[in-house]
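Peer 1: Take a look at this one; I'll ask things after.
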Amino acid sequence: MARGVGIIGAGPGVAALHLPTLARVGDAFRVVHVADGGSGRSAALAARVGARSSTGVDAIMADPEAEVVAICSPPAQHAAQIIAAVAAGKRAVFCEKPLGTTVAEAEEAVEACRRAGVPLIVGTNHYFDPAWGRAKHHLTVSGGPVVSISVTLALAPNARYHELVTELPASAAAGRGAPDLTRAAVAAGVVRQLLTGLAIHDLPLVRDLVPRFERVVFARALPPLGYAVGFVAGGVPVQLTTVMLPEGADTLWRIAVATASDRLDVSFPPPFVHAGGARVRVRAADGRDTIYAHDPGDGYVAEWRALAELLDAGLPVEYDELLDDARYALRLADAAAELIGAAA
């Protein structure tokens, strides 16, 4: 029987991503409740799936049909809402990235789940993408050590993709004006926020390859909104580059891993678009060019399937891995922000 899901959050991401994804796993989950933070948008979203709606978190925590809570609220609320869900006796928690805005918050949230034995999944859809498993397999069997990693994002406005998959108008996802990146404190804050809210999609994949974070080498904010950050992990240089352009071309989202013998590129589809998995290509030093077959499955569905498996099969939850992912990202973000601030 499908388990009831209560969604905390009613923004464009819920409309464009989580409701369509949960509809694709309807044999395992069904949306029974949607709560907003005061915007009033939950009523329309809940009506789309025949669910209840409310404002705040109290009603959803008290709803016995909402066995599973999906936390899709602003990041500053994630840790407290995970802890509240555990206290309310929920059977499982799905939380969007990040687990918390500080290491202490993430640790408290994960430990609450661990003590209660509540399964927890973090929405790192790129990590769950079947293409990443294929890429990791290649890196494992190729024998060449990783010598560098780069993650490159050129992002079109999210509203372009929201409009493709939901009836929400673009104005519902409209952003604020560009921040003044000439002010060091502002630039440091922006880069930290982008690293914990955007780069965090791929940092679990980076940590998969180079788990020991050492130091940030350079960090700066890129206008109108973006960042360039270089760091060293396990002796391997890693570069993260992102720029958001208001009138930019369609999204480019790519991880490139260079080894001693080849270069592997993993190109992910734009966010919010249900277009199957990433594309994987390997260029060998001897000129061979291998393009792997495209997998129709994607990480959005796979992460919810993973949660269903934790509930159904009673598999152990990788609490330590979740916590180490959070520590890795938050320590990187703190170090990058500190470096930018110190340059003032």
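The values are calculated or read from the model by the stated rules, or taken from the named source; none is laboratory data. From a predicted model like this one, the values you see are computed outputs, not experimental measurements. Neighbour counts are summed over all protein chains in view; Cβ atoms, including those assigned to glycine, are modelled from backbone coordinates with ideal geometry. In case anyone asks, the SASA skips ligands and DNA or RNA and just uses the protein heavy atoms, side chains included. Shrake-Rupley method; radii C 1.70, N 1.55, O 1.52, S 1.80 Å.
Peer 1: When only C-alpha pairs under 8 Å and at least 6 residues apart count, what is the relative contact order of the range 1-124, in percent?
Peer 2: RCO, the range 1-124: 22 percent.
Peer 1: Moving to a separate point now. To the nearest 20 Debye, how big is the dipole of the range 226-344 about its Cα centre, given +1 on the beta carbon of each Lys and Arg and -1 on that of each Asp and Glu?
Peer 2: Dipole size: approximately 460 debye.
Peer 1: Let me check I've understood the local charge: for residue 284, count other residues with C-beta under 14 angstrom from its C-beta, Lys and Arg +1, Asp and Glu -1. What total comes out?
Peer 2: Spelling it out: positives minus negatives among the neighbours equals 0.
Peer 1: Report the gain in length on full extension from residue 141 to residue 44: 0.36 nm times residue separation, minus Cα-Cα distance, nm rounded to one decimal.
Peer 2: Difference between extended and current length: 30.0 nm.
Peer 1: For the chain, what is the accessible area per residue in Å² when the probe is 1.4 Å?
Peer 2: Normalised by residue count, the accessible surface of the chain is 43 Å².
Peer 1: Mind jotting down the distance between the C-alpha centroids of the range 74-89 and the range 275-344, whole Å?
Peer 2: 23 Å
Peer 1: Can you compute the charge dipole magnitude of the chain about its Cα centre, using +1 on each Lys and Arg Cβ and -1 on each Asp and Glu Cβ, nothing else charged? Give it in debye, rounded to the nearest 20.
Peer 2: Dipole about the Cα centre, nearest 20: 400 debye.
Peer 1: Here's something else I'd like to know. State the Cα centre-to-centre distance between the range 6-64 and the range 179-228 in whole Å.
Peer 2: 31 Å
Peer 1: Anyone know which of 59, 85, 219 comes out most mobile in the 10 Å Cα GNM of the chain?
Peer 2: Between 59, 85, 219, it is 59 that shows the largest mean-square fluctuation.
Peer 1: Let me ask something additional. Once the Cα atoms of the range 285-344 are picked out, what are the Rg and Dmax in Å?
Peer 2: Taking only Cα atoms of the range 285-344, I get Rg and Dmax of 19.5, 53 Å.
Peer 1: While we're on this one: Once every DSSP H run of n ≥ 4 in the chain is given -39500 (n - 2.57) and the sum is divided by its residues, what mean residue ellipticity at 222 nm do you get, rounded to the nearest 500 deg cm²/dmol?
Peer 2: One gets -11000 deg cm²/dmol as the mean residue ellipticity at 222 nm.
Peer 1: Set Lys and Arg Cβ to +1 and Asp and Glu Cβ to -1, take the dipole of the chain about its Cα centre, and tell me which of 232, 116, 246 lies farthest positive.
Peer 2: 246
Peer 1: Remind me, relative contact order of the range 268-344 in percent, using alpha carbon pairs under 8 angstrom and six or more residues apart?
Peer 2: Answer for the range 268-344 is 18 percent.
Peer 1: Give me D for the chain in µm² s⁻¹, whole number, from Stokes-Einstein with Rh from the Kirkwood sum over alpha-carbon pairs, 37 °C and 0.692 mPa s.
Peer 2: 158 µm²/s
Peer 1: In degrees, nearest 10, range 0 to 90: what is the angle between the Cα axis of helix 184-197 and the longest Cα principal axis of the chain?
Peer 2: Tilt of helix 184-197: around 70 degrees.
Peer 1: To the nearest 10 Å², what's residue 251's accessible area with a 1.4 Å probe?
Peer 2: Its heavy atoms expose roughly 20 Å² to the probe.
Peer 1: Count the DSSP beta bridges whose two residues both fall in the chain, then state the antiparallel fraction as a percent rounded to the nearest 5.
Peer 2: Percent antiparallel among DSSP bridges in the chain is about 55.
Peer 1: In nm, to one decimal, how far is the modelled label at residue 59 from the one at residue 111, with both set 7 Å along Cα→Cβ?
Peer 2: Placing both labels 7 Å along Cα→Cβ, they lie 3.4 nm apart.
Peer 1: Test of understanding: in a Gaussian network model of the chain with alpha carbons linked when under 10 Å, which of 64, 270, 316 would top the mean-square fluctuation ranking?
Peer 2: For the chain, modelled as a Gaussian network with Cα springs under 10 Å, the answer is 316.
Peer 1: Pick out, in residue order, every one of the GluC sites (Glu not before Pro) in the range 236-344 that is DSSP loop and has at most 12 other C-beta atoms within 10 Å; say none if there are none.
Peer 2: 247
Peer 1: Continuing with this model, one more query. Please report, in debye to the nearest 20, how large the charge dipole of the range 8-121 is about its Cα centre when each Lys and Arg carries +1 at its beta carbon and each Asp and Glu carries -1 there.
Peer 2: With only Lys, Arg, Asp and Glu charged at Cβ, the dipole is about 320 debye.
Peer 1: Let me ask something additional. Express in Å², to the nearest 10, the accessible area of residue 215 obtained by rolling a 1.4 Å probe over the protein heavy atoms while all chains stay in place.
Peer 2: Only protein atoms counted, so the area is about 130 Å².
Peer 1: Sum up the charges of everything whose Cβ sits under 13 Å from the Cβ of residue 26, counting Lys and Arg as +1 and Asp and Glu as -1, but leave residue 26 out.
Peer 2: In short, +3.
Peer 1: Separate question: In a Gaussian network model over the chain where Cα atoms closer than 10 Å are linked, find which of 104, 187, 70 has the largest mean-square fluctuation.
Peer 2: With Cα springs under 10 Å in the chain, the top fluctuation among 104, 187, 70 is at 104.
Peer 1: Please work out how much accessible surface residue 319 shows to a 1.4 Å probe, ignoring ligands, DNA and RNA, in Å² rounded to 10.
Peer 2: Residue 319 has an accessible surface of roughly 20 Å² with all protein chains in place.
Peer 1: Here's something else I'd like to know. Pairs of Cα atoms under 8 Å, at least six residues apart: use those to get the relative contact order of the range 85-137, whole percent.
Peer 2: Once normalised by length, the contact order is 42 percent.
Peer 1: With Cβ to Cβ distances under 10 Å as the rule, what net charge do the other residues near residue 132 carry (K, R +1; D, E -1)?
Peer 2: Computed value for this residue: -1.
Peer 1: Please give the helix 299-313 orientation as an angle from the longest Cα principal axis of the chain, in degrees from 0 to 90, rounded to the nearest 10.
Peer 2: 60 degrees
Peer 1: What do you reckon, how do 22, 209 stack up by accessible area (1.4 Å probe), largest on top?
Peer 2: From most exposed to least exposed: 209, 22.
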